[in-house]
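Working notes, structure below.
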Amino acid sequence: MGKRNKSLNESVECLKGVGPKILASLEKRGIRTIGDLFFFLPLRYEDKRRICRIDEAREGEKAVIVAKVASSRPVFYRNARKKAYEAIVEDDTGSMTLKWFYWPPRYLKGLLRKGNVLLISGDTDRFGDLLQIVHPEVTLLSDEGEAETHKAVIPVYPEIEGIKQGTIRNLLSRAFQDYEHHVESLIPEELGGRHGLVSFRNACRAFHFPDNDAFETTVSHEYLERLILEEFFLFQTVMLIKRREIRKEQGMPCRRGGLFSGVLRKGLSFKLTGAQEKAIEEILKDMAGHEPMNRLLQGDVGCGKTICAVLAACNAVDSGYQVAFMAPTEILAEQHFLTVHRFFEGLGISLAYLRGNMGKERREILGNIEAGKVSVVIGTHALIQKDVVFRRLGLVIVDEQHRFGVMERKRLKHKGNMPHVLVMSATPIPRTLSLVLYGDLDVSIINAMPEGRQKIFTKIFTDDDKAKAYGILEEELDKGHQAFIVYPLVEESDKMELLNARGMAVHLKSVFPGRRIGLLHGRMRADEKERVMSAFKERKIDLLVCTTVIEVGIDIPNATLIIIEHAERFGLSQLHQLRGRVGRSIYPSKCLLVASAKRTDQAARRLKAMEKTADGFMIAEKDMEIRGPGEMLGVRQSGIPDFRVGDVRRDGEIMIRARKIAREALDIWQEDDINEIKGLLNLN
Ligand code: ADP
Ligand code: MG
């Protein structure tokens, strides 16, 4: 590929006219480099190609007019106590008024001198008998003939605080003048040809400097797609290069078929599904290699991901490595500890559960981990971030998290060799989005449920027939099963009139006398939460009144009913997760959504989708459609980058193409090229 100019990655500071103030404003808008500037596309275009005469101007429409100033004067609207400025302009066909509701600056007054010929544009309306334009744009012409040279299609950019439209346009022309030859796609030429791509430079030019004669055909869909493709291509290139970097690290090969693994598999009380077997196969194969595994295990709620992780952990222990198993919440970490304990206890594999506030005990455990006396450590994400030192960390398992950040991976590296990483996520993610979020991971998908699972019966109730829902609850409890009932709030709030878990726990005791009712919410102390969860697991609680703390991961196979109150307030993916707390055994299960009869259209669509669909991937598509990807995953933790021109939801197909082309590019590029590109993309 040879010498590539780095100009597109240069700071906008290099442009003439960009001082500290403009620089700050641009930065606030995320525009740092020349390249960013080119990707900052106009919102719309103002068509100033057609100049009309005053008698052709229509009230309520935009007009571009060439006219002579007949008079101009300051006016004072007594009633409005406002100073204003007016000018009357005329051409052969009539006259009209221009108005400014402020004291015009001197240059403007200068323009409005009698006899001047002006190019005027703006929205026309009527005031009394005369047409008028309030706050028009005016340009001084030397004579009527000059208007010809001003006929143009003008791009209008999204607003940037502190920068005028004209300035944005000037910056872009300067950037294009100085850098045009560097406005070059990073996609290797031969791939551009093979995929029939139009010129990136032409696409850029068409948007920022529309061709007056061919505007309609050049600011086109094809060019827009080309820009989006370039943006997505750069993104996918980054992902693939990162993936490649991880693979270059020295891994920790784990041989297969070890002793513990054999015993564990034989002792399983159920038969693994084909989908589970396939995923495990992929994981073990990765782990046997000399490159660190970097894999995502995806599957709908309840499909049985945990056992795959347990088998992976066992495999690492078989090879003498330590395992860190992390969960997003303490409740879930505790549950994993119990599960893993059940599997590993008989094998004599030493386990430790690490949580906050352990006091002296914690020190002791840390000592054992460092000495290598503990093989599997379970805890929250704090596990690999703090003072924990491993002796031979070989595998990190991350449950229920969308992203395992680059930062965290760097931390791992400091702990010795690069351990294998297995990330598990139950949030089914549409394929296009998964390419964005997990583009740097290999993905295994469990696409089937264990045998005997039945579809969870889902029904919407209004507040008025809550008694019916309670009736169903009684029936389930009578069968010896357990149930969840979920509320949006922990306690009463003055701000929202919603039911809360604490209050309802008391109330429900009077509705269901004789039943053992427990309470669980996020504001309880960790050990209290643990106590309640264990009691529920041991069937000492019939009905668990809770908040969304149980949203992910919790596995109580004997629970067959979940009632979600104020269901209209929850997002679709969240409802699906909550529903996934039941239906985790062969017993038929139910999910009752109690919602106010007054619901927004969106809420009604969500609830309907829940009734109709059980498939998490379809629900995720629907959710993305209703809310957009960022919100669907929770904006803060979503990890979705802000694309400038592309939109993950709208342009999924382009993302898939970009991925493919980026793959091919990585095959073509030599090591030198890749290093150069890493520089260009700030990857060093
Ligand atoms: P998730 O994928 O949501 O994390 P879990 O791993 O918690 O699901 O599994 C859900 C339940 O299904 C657990 O109780 C687990 O023991 C059980 N399970 C897992 N695999 C199988 C299987 N092949 N057959 C029967 N039950 C299974
Ligand atoms: Mg799970």
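Here are the numbers:
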item	result
Test: residue in the range 506-518 that is within 16 Å of ligand 2 (Cβ to nearest atom) and surrounded by 15 or more Cβ atoms within 10 Å (Cβ to Cβ)	no
Considering residues of the range 524-554 that are at pLDDT 95 or above and either β-branched (Val, Ile, Thr) or touching a Pro at 6+ places or on another chain (Cβ under 9 Å) (or both) only, the residue farthest from ligand 1 (Cβ to nearest atom)	VAL545
The range 243-275: number of residues that are in contact with a strand residue (DSSP E or B) (Cβ under 6 Å, 6 or more places away or on another chain) and either under 20 Å from ASP318 (Cα atoms) or assigned to a loop (DSSP other than H, G, I, E, B) (or both)	1
Residue identified as open to solvent by less than 40 Å² (accessible area, probe 1.4 Å), within 16 Å of ligand 1 (Cβ to nearest atom) and either more than 19 Å from the chain's Cα centre (by Cα) or at pLDDT 90 or above (or both) among ILE378, ILE445	ILE378
Enumeration of residues in the range 556-583 that are open to solvent by 40 Å² or more (accessible area, probe 1.4 Å) and within 14 Å of ligand 1 (Cβ to nearest atom)	PRO557
Of the criteria (1) away from ligand 2 (no atom under 16 Å from the Cβ); (2) assigned to a loop (DSSP other than H, G, I, E, B), which one PRO450 fails	(1)
Single residue of ASP527, ASP623 found to be part of a helix (DSSP H, G or I), more than 16 Å from ligand 2 (Cβ to nearest atom) and open to solvent by less than 30 Å² (accessible area, probe 1.4 Å)	ASP623
Scope the range 282-299; condition assigned to a strand (DSSP E or B) and either of a type in the set (D, E, K, R) or away from ligand 2 (no atom under 16 Å from the Cβ) (or both); matching residues	ASN294, ARG295
Count of the range 474-497 residues which are touching a Ser or Thr at 6+ places or on another chain (Cβ under 8 Å), aliphatic (A, V, I, L, M) and crowded, with 22+ Cβ neighbours inside 10 Å	2
Options GLU245, GLU225, GLU231; residue that is modelled with pLDDT under 90 and acidic (Asp, Glu)	GLU245
Members of the range 116-170 found to be open to solvent by less than 50 Å² (accessible area, probe 1.4 Å), in a loop (DSSP other than H, G, I, E, B) and farther than 19 Å from ILE51 by Cβ, listed by number	TYR157, PRO158
Filtered residue count, the range 187-207, keeping only those that are open to solvent by less than 50 Å² (accessible area, probe 1.4 Å), of a type outside the set (Gly, Ala, Ser) and more than 15 Å from LYS660 (Cβ to Cβ)	4
Residue, nearest to ligand 2 (Cβ to nearest atom), within the range 300-322, restricted to residues that are surrounded by fewer than 22 Cβ atoms within 10 Å (Cβ to Cβ) and hydroxyl-bearing (Ser, Thr, Tyr)	THR306
Pairs, first within 14 Å of HIS576 (Cβ to Cβ) in the range 542-563, second within 12 Å of ligand 2 (Cβ to nearest atom) and in a strand (DSSP E or B), C-beta under 9 Å, six or more apart	VAL552/ALA327; VAL552/ASP399; GLY553/ALA327; GLY553/ASP399
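The values are calculated or read from the model by the stated rules, or taken from the named source; none is laboratory data. From a predicted model like this one, the values you see are computed outputs, not experimental measurements. So basically every Cβ, Gly included, is an ideal-geometry build from the backbone, and we count neighbours across all protein chains shown. For accessibility, only protein heavy atoms count, side chains too; no ligands or nucleic acids. Shrake-Rupley method; radii C 1.70, N 1.55, O 1.52, S 1.80 Å.
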